[in-house]
Structure formats: C-alpha cells, structure tokens
Amino acid sequence: MIKFKSAYHLNKYIQKQKKLGKTVGFIPTMGTLHKGHLSLIQAAKNECDIAVCSVFVNPTQFNNAVDLEKYPRNIDADAILLENMACDVLFNPSVKTIYPDGADKFNAPEVGDMLDVLEGKHRPGHFQGVMQVISLLLDIIDPTQLYMGLKDFQQFAICSKMVELQGRAVEMRGMPTVREANGLAMSSRNERVSAAAKNRAGIIYESLQLVKDNLGNYSIIELKKMAKKHINSLEGGELEYFEIVSQKTLREPEKNEGLIALCAVWLEGIRLIDNIIL
Ligand code: AMP
C-alpha cells in the first residue's frame, strides 16, 4: 500500500494510473475503520484496478465542536487494517492540505431541497461541509468509481446529486449497511458507547424492521407510532427523529413511491443513525 499525505503527489500518481487505463475506486472515510468501511474497500477492490481510501476527519462537517474534538482517531490501526485488506492507496492529508486557504470559500451546488430535512434539519451546515470535502477530494483523486455507505442514505443522495451537477465522470456506488450481530449499524461512533448499551441498541434496527414487516397493513402515521414506541423502550436512549419518506425526494411520499425509514437516536451522549429501505 502506498501512503500519501500530499494531494499533489497523489494526484500525479492517479493521473499516471488512469493514463495506463486503470480504473480507480475511491472510498472517503473519517477513519477508525470497522467492517462497514472495509466492505467498501472490498467492493472497490473487486470492481476496480486500484482502491484508494482517504482517512480525514473533516472539520467543516461537524456542527458541534465537542463532537469534532472527541471524534475517535486511530490512523495507525487504520493503516494496518487497510494494509491487511491489500488496499492500494491510503490518503491521510492534514487539514492544511485539504484547506490550504482556509475552509470558507465553498459555493455548495444547488442540490435542491434535500439539505434541510432529516439529518440536515438536526445538523445545520453538516451537508455543506460534506459536499465541500467530497468535492475537494474528488478534484484530487478524480476516481472512476466512488464508494459510499447507504447507512448515510441522505449523504449518498446529496453527493450523487452534487456529482451529477458538477458533471463529474464518476460512477456512484451505494453499498449496504454492515451490522453487528444484534442489528446495530456499525459506526466509528459506537466506540464511545458502552458494551451494555451497544447490546441494548439492537432495538434501533428492530424498530426499522418492524416498519418493514408491517408496511401495507398500517398507515405511515401508525407505522411511525409503532416504531417510536419500540425505540422509546431503549433504556438510556432518546429518539431525535423517526421518519418514513420517499427515497427520491426524502420528503413525504406521493403514492407508490419507493420508501425509506430513517432515524437518529441519542445513546450515552452519542448520536446514532440508521435506516431501512422499505
Ligand atoms: P465515515 O468514516 O463515518 O465518514 O464513513 C465513511 C464511509 O463508510 C461512508 O460512506 C459511510 O456511509 C460508510 N459506512 C459507515 N458505516 C458503515 C456501515 N456500517 N456499513 C457500510 N458502510 C458504512
């Protein structure tokens, strides 16, 4: 595995590989890698000639300074995991490398009205920061394929729209959520939750499945009520939102649209998100 800290040298390396006709799969991450991230690396390895993983805790997507400060950082362990996966490239830039002139100058593309619902409503500015960093990383790496997890469904939808508006020649690959045995979606943030709470947190996925199992038998209002009741039985948990929306618009569905249920739950001061495609 080749490790880059310099955007310039990585860009030169990728350009050379692309001239040789190689396809490049890119997996952006904030590190503290788990099996969810590794499934994206594996998919890129299966489908592309070169897999490039970035590990960068992007300050501009945190709307909470304490969350940014406490976000886990484990670059040495990450490098070993990537090496073991035979990932081809690790890009681990500094904040200065990504934002040499400061982080203020970004004109977010008009991705429509997906920004101010769900995560966007509860984390103002979050998706502007995500678009900013993904846009800059895509400028540097210019991959043929971009791998992102559907655990962050709204992020995937927004980045897909951004890529389309920017006219980038990159194929978006949305990958399924990898879960613990009890259904809890794997997340770097789970590191900060106690083992006992993680065991109880299977309730979050159960509530999503409850909606899926009962779809068609109840109205959306009733389904949400059922799911909320189940999540509220999570000891020490606090539900922030539970929504059932159109996969396409992320808003209240028109008839016969593909639906998705999404939620955010606080547990031991940590914010966990999950979803299920219905
Ligand atoms: P993060 O490091 O949290 O920014 O995540 C980097 C990428 O990994 C994003 O595209 C996430 O959606 C994806 N990801 C995170 N958790 C999982 C998971 N449990 N299963 C699949 N992909 C995931």
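The values are calculated or read from the model by the stated rules, or taken from the named source; none is laboratory data. These figures come from a predicted structure and were not determined experimentally. Because the Cβ atoms are built from the backbone with ideal geometry, glycine has one as well, and the counts that use them run over all protein chains shown. Note: areas computed on protein heavy atoms with side chains; ligands, DNA, RNA excluded. Shrake-Rupley method; radii C 1.70, N 1.55, O 1.52, S 1.80 Å.
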Next on the checklist: Just the residues that are of a type in the set (A, V, I, L, M) and surrounded by fewer than 17 Cβ atoms within 10 Å (Cβ to Cβ), please, taken from the range 151-169.
Outcome noted: L165, A169
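Need a quick list: helices (runs of 4 or more DSSP H) entirely within the range 88-163 having at least 1 residues that are farther than 23 Å from D78 by Cβ, charged (D, E, K, R) and assigned by TED's automatic domain parsing to the domain that holds Y241. I'd like the intermediate steps shown before the answer.
Working: elements: 95-98, 118-122, 126-141.
Of the helices (runs of 4 or more DSSP H) lying wholly inside the range 88-163, none has at least 1 residues that are farther than 23 Å from D78 by Cβ, charged (D, E, K, R) and assigned by TED's automatic domain parsing to the domain that holds Y241.
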Checklist entry - If you go through the range 167-183 one residue at a time, do you hit one that is away from the ligand (no atom under 11 Å from the Cβ), of a type in the set (K, R) and touching a residue at least 24 places away in the same chain (Cβ under 8 Å)? => result yes
Next on the checklist: As an exercise: evaluate K255 against (1) open to solvent by 20 Å² or more (accessible area, probe 1.4 Å); (2) modelled with pLDDT of 95 or more and give the number of the one condition it does not meet.
Outcome noted: (2)
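Sort through V211, V133 and tell me the only one that's modelled with pLDDT of 95 or more and within 15 Å of L262 (Cβ to Cβ). Outline the logic, then answer.
Working: V133 fails: within 15 Å of L262 (Cβ to Cβ).
None of the other options fit; the residue is V211.
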Checklist entry - Would you pick out the residues in the range 86-108 that are of a type in the set (D, E, K, R) and under 26 Å from G25 (Cα atoms)? => result D88, K96
Checklist entry - Consider F242 against the criteria (1) of a type in the set (F, W, Y); (2) more than 17 Å from L115 (Cβ to Cβ); (3) surrounded by fewer than 18 Cβ atoms within 10 Å (Cβ to Cβ): it satisfies all of them except one. Which criterion is unmet? => result (3)
Checklist outcome for this item: Across (1) farther than 17 Å from F56 by Cβ; (2) not in a loop (DSSP other than H, G, I, E, B), L82 clears everything bar (1)
